[in-house]
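The values are calculated or read from the model by the stated rules, or taken from the named source; none is laboratory data. Given the structure is predicted, the values throughout are model-derived calculations rather than measurements. Neighbour counts run over all protein chains shown; Cβ positions are idealised from the backbone, glycine included. Each accessible area value is taken on the protein alone, full model and side chains, heavy atoms only, with ligands, DNA and RNA left out. Shrake-Rupley method; radii C 1.70, N 1.55, O 1.52, S 1.80 Å.
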Amino acid sequence: MVRRAGHSAADLVRLITCHFPGFRDACVYKGHQVFLYKRAQILVGDIYGAFKGQGLGKFDDISQLTMFADYRVPVTLLEMNVLEYTEDLAKKILAKNVLEPGSPEEVEIRACTVQAVEMIMAEMRRTFTDQSLVPRSIELDWFLWKEGEKRRDVSDP
């Protein structure tokens, strides 16, 4: 399947979601179909990372992947004051109420996290003179996720 994608991360995500239903990370939000494809993008990102962008891990369009809309990065961005929750949502989260997968709040957190990372990336591209210092979205995700993991024991949910 990796070879069939022809060095395209986007095509590999498409193939994975087409052939493996468990990787179809989609829901309906306010009447619109929303596709986040977290698991498929993580798989492609892991292949890219494992092969260091070479051989089977060489993807000419790896920058087309977004960050992986998971649970750790929103907490990190919240602690960095990049994201802000409504008072009602913050209370639910602090009370450790489960946000059901596909619920409006869960989708909003995940989608806003993707958008926040893309906005950070745009600002980095705008302000960095040396564009080679600007990471890809998945690389910024890896950094934010690792930072969040370091604080896991002291962070709110």
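Observations on the structure shown:
Conditions tested, residue by residue: (1) buried (at least 18 other Cβ atoms within 10 Å of the Cβ); (2) in contact (Cβ under 8 Å) with a residue 60 or more places away in the chain; (3) assigned to a helix (DSSP H, G or I).
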{"site": "Phe59", "(1), (2), (3)": "yes, no, no"}
{"site": "Thr76", "(1), (2), (3)": "yes, yes, yes"}
{"site": "Asn81", "(1), (2), (3)": "no, no, no"}
{"site": "Pro101", "(1), (2), (3)": "no, yes, no"}
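- Scan segment 83-99 for residues that are loosely packed, with under 13 Cβ neighbours inside 10 Å and either part of a loop (DSSP other than H, G, I, E, B) or touching a residue at least 12 places away in the same chain (Cβ under 8 Å) (or both) and the total you get is 7.
- For Ala26, the conditions (1) open to solvent by less than 30 Å² (accessible area, probe 1.4 Å); (2) of a type outside the set (Val, Ile, Thr); (3) in contact with a Phe, Trp or Tyr (Cβ under 6 Å, 6 or more places away or on another chain) are fulfilled apart from (1).
- Of residues in segment 29-38 being surrounded by fewer than 19 Cβ atoms within 10 Å (Cβ to Cβ) and either touching a helix residue (DSSP H, G or I) at 6+ places or on another chain (Cβ under 7 Å) or among the polar types (S, T, N, Q) (or both), the one nearest to Ser103 (Cα to Cα): Tyr29
- Of the residues examined, Met1 is one that is in contact with a helix residue (DSSP H, G or I) (Cβ under 6 Å, 6 or more places away or on another chain), more than 13 Å from Ile138 (Cβ to Cβ) and open to solvent by 50 Å² or more (accessible area, probe 1.4 Å).
- Out of Asp61, Asp46, one residue alone is over 25 Å from Glu147 (Cα atoms) and modelled with pLDDT of 95 or more. It is Asp61.
- Residues (acidic (Asp, Glu) and either assigned to a helix (DSSP H, G or I) or more than 20 Å from Glu106 (Cβ to Cβ) (or both)) located in segment 1-42: Asp11
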